[in-house]
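First comes the structure, then the notes that go with it.
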Amino acid sequence: MDNLDRSYVCSTDGAPLLFETIPQRLDRTVSRHGEREALVVPFQQVRWTWREFRARVDALATGLLALGINRGDRVGIWSPNRSEWVLTQLATARIGAILVCINPAYRLAELEYVLNKVECTALVSSDPFKTSDYLGMLNTLAPELAGSKPGELRAAGLPALRIVIRLGAEHTPGMFNFDHVTGMGGAPELAQLNDFGSSLQADDPINIQFTSGTTGSPKGATLTHCNILNNGWFVGEIQR
């Protein structure tokens, strides 16, 4: 057998893969296109440039660090598409945490299974949307929320979950508000955030995506910085 001299093949057809982390690519994009639009969400009146977007990502990332979320921790997100979803993916990648994408159509049994399967430490949840009362379902699974201090949940049915962050302006017992978390980080968290830049690797896991579970329990697929970055990059290339 021939001796192997590398563990990655970055091209088979002349189109090289991007082998870098999400924060590295974000910094590169900001340096080149800082004043161009990065994210537009009309129903939220969101229209952010790349520079504004990175500032919001870093604010959320330092807030997550202030809550005690760190590298390797699993952070679930249970929400339809909106700006906070994108911020959470980039912010968790920024600190090496792993975002767990939870299907917004899930009901109680599926939500409980996924949160416990990957032992989510934290969950970012939407406020009610259409027929889905996300916060109501969470309180059904974890009735201890009503009497818990935010960040200190101890739920018999969701033993790993400690932190629930809700979207929207209303306040719910036992939960942080998303906008509040973005203001929690201070100088220590900012210094910690800057230290992450040199330690993250392109093949670090940052995302878990679950299948629909139509033929059994949902299955989780773990993706890295490199996976997520190249998926987005080549979709953009195809769409020109």
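The values are calculated or read from the model by the stated rules, or taken from the named source; none is laboratory data. Predicted model, so just to flag it, every value in this text is computed and none were measured. Here the Cβ positions follow ideal geometry from the backbone for every residue, glycine too, while neighbour counts run over all protein chains shown. The accessibility values were calculated without ligands, DNA or RNA, using every heavy atom of the protein model including side chains. Shrake-Rupley method; radii C 1.70, N 1.55, O 1.52, S 1.80 Å.
So here's what we get for this one:
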| read-out | value |
| --- | --- |
| Members of region 32-70 that are in contact with a Leu (Cβ under 9 Å, 6 or more places away or on another chain) and exposed (fewer than 15 other Cβ atoms within 10 Å of the Cβ) | Arg47, Asn70 |
| Residue within region 21-31 that is open to solvent by 50 Å² or more (accessible area, probe 1.4 Å), modelled with pLDDT of 70 or more and either more than 20 Å from the chain's Cα centre (by Cα) or among the β-branched types (Val, Ile, Thr) (or both) present | yes |
| Residues located in region 221-236, provided they are touching a residue at least 60 places away in the same chain (Cβ under 8 Å) and open to solvent by 70 Å² or more (accessible area, probe 1.4 Å) | Thr222, Trp233 |
| So Ala109, is it over 20 Å from Thr224 (Cα atoms), out of contact with any helix residue (DSSP H, G or I) (no Cβ under 7 Å at 6 or more places or on another chain) and aliphatic (A, V, I, L, M) | yes |
| The lone exception for Asp203 - which of (1) under 17 Å from Ile77 (Cα atoms); (2) touching a strand residue (DSSP E or B) at 6+ places or on another chain (Cβ under 6 Å) it fails | (1) |
| Matching entry among Ala122, Ala105, Ala97, Ala109 (being in contact with a strand residue (DSSP E or B) (Cβ under 9 Å, 6 or more places away or on another chain), at pLDDT below 95 and aliphatic (A, V, I, L, M)) | Ala105 |
| Pairs with Cβ under 6 Å, 6+ apart, first in region 38-54 and without any contact (Cβ under 8 Å) to a residue 24 or more places away in the chain, second open to solvent by 30 Å² or more (accessible area, probe 1.4 Å) and β-branched (Val, Ile, Thr) | Arg47/Val40 |
| Residues satisfying the stated conditions in region 101-131, i.e. of a type in the set (A, V, I, L, M) and either touching a Cys at 6+ places or on another chain (Cβ under 7 Å) or open to solvent by less than 10 Å² (accessible area, probe 1.4 Å) (or both) | Ile102, Leu111, Val114, Leu115, Ala122, Leu123, Val124 |
| Pairs where the first residue, in region 194-220, is over 15 Å from Cys101 (Cα atoms) and the second is among the acidic types (Asp, Glu) and surrounded by 13 or more Cβ atoms within 10 Å (Cβ to Cβ), C-beta under 7 Å, 6+ apart | Ala202/Glu20 |
| Flag for His180 being farther than 15 Å from Leu64 by Cα and either open to solvent by 40 Å² or more (accessible area, probe 1.4 Å) or touching a helix residue (DSSP H, G or I) at 6+ places or on another chain (Cβ under 6 Å) (or both) | no |
| Verdict on Arg82 being within 21 Å of Gln209 (Cα to Cα), in contact (Cβ under 8 Å) with a residue 24 or more places away in the chain, touching a Ser or Thr at 6+ places or on another chain (Cβ under 7 Å) and open to solvent by 40 Å² or more (accessible area, probe 1.4 Å) | no |
